[in-house]
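Trainee: This structure is in structure tokens; I'll ask about it shortly.
The values are calculated or read from the model by the stated rules, or taken from the named source; none is laboratory data. Keep in mind that this is a model prediction, so the values were computed, not measured. Note that each Cβ is placed from the backbone with ideal geometry, even for glycine, and that neighbours are counted across all protein chains shown. The accessibility values were calculated without ligands, DNA or RNA, using every heavy atom of the protein model including side chains. Shrake-Rupley method; radii C 1.70, N 1.55, O 1.52, S 1.80 Å.
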Amino acid sequence: MMPDLIPFILLIAAFIIGLLLIPLGLPGLWLMVVAVFGYAAFGRFEQVGWVTITAVLLLAAVAEGLEAWLGFRFTKRYGASNRAGWGAMIGGLIGAVVGTPVPIIGNVIGAFVGAFAGAVVGQYTVKSEMQESLGAGWGAVLGRATGAAVKIAVGFAIAIIAIFAAVR
């Protein structure tokens, strides 16, 4: 059964926008989940049902958790303390907010710089060793990049699942 064209095009547009928002540190996965729910509600849950909605919701939640875990994991892999991991997470959030006024890439750069700085400062307060602190910062940057890549991959999975549900 073919989906209604306009809602289907809007669903695809929401997926594209959502995927573009993820590297910017914005809630692209959640836009995609809301779009799936909206599409399902528009179709009275006939083509896209609760199983699909639950699947994409769980995928988005797992991806968010994985992003946070990867940030900590990479920071720790490069010799950092828990404080550096928390510093990376908090610094990344602050950096994204501070970088927001710069169009398109400001919050991306801010998030990476903030994660690096937060990890360096966090590690330096534990052990006043600059080389080790810089290693923690590098791990935070790698963790942030890996987390974004995982979320983009999950975003593609959400799009594929929803599109197949919409056109069946």
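Trainee: Looking at the structure I just gave you, is A162 at pLDDT 90 or above and open to solvent by less than 10 Å² (accessible area, probe 1.4 Å)?
Mentor: yes
Trainee: Residues in the range 1-32 that are assigned to a helix (DSSP H, G or I), aliphatic (A, V, I, L, M) and open to solvent by 80 Å² or more (accessible area, probe 1.4 Å): how many?
Mentor: 7
Trainee: Collect the residues in the range 103-160 that are of a type in the set (D, E, K, R) and closer than 22 Å to I17 by Cβ, keeping them in residue-number order.
Mentor: Of everything in the range 103-160, those that are of a type in the set (D, E, K, R) and closer than 22 Å to I17 by Cβ turn out to be R144, K151.
Trainee: Look at V167 and say whether it is surrounded by fewer than 16 Cβ atoms within 10 Å (Cβ to Cβ), β-branched (V, I, T) and either without any contact (Cβ under 8 Å) to a residue 12 or more places away in the chain or at negative phi (or both).
Mentor: Yes: the conditions hold for V167.
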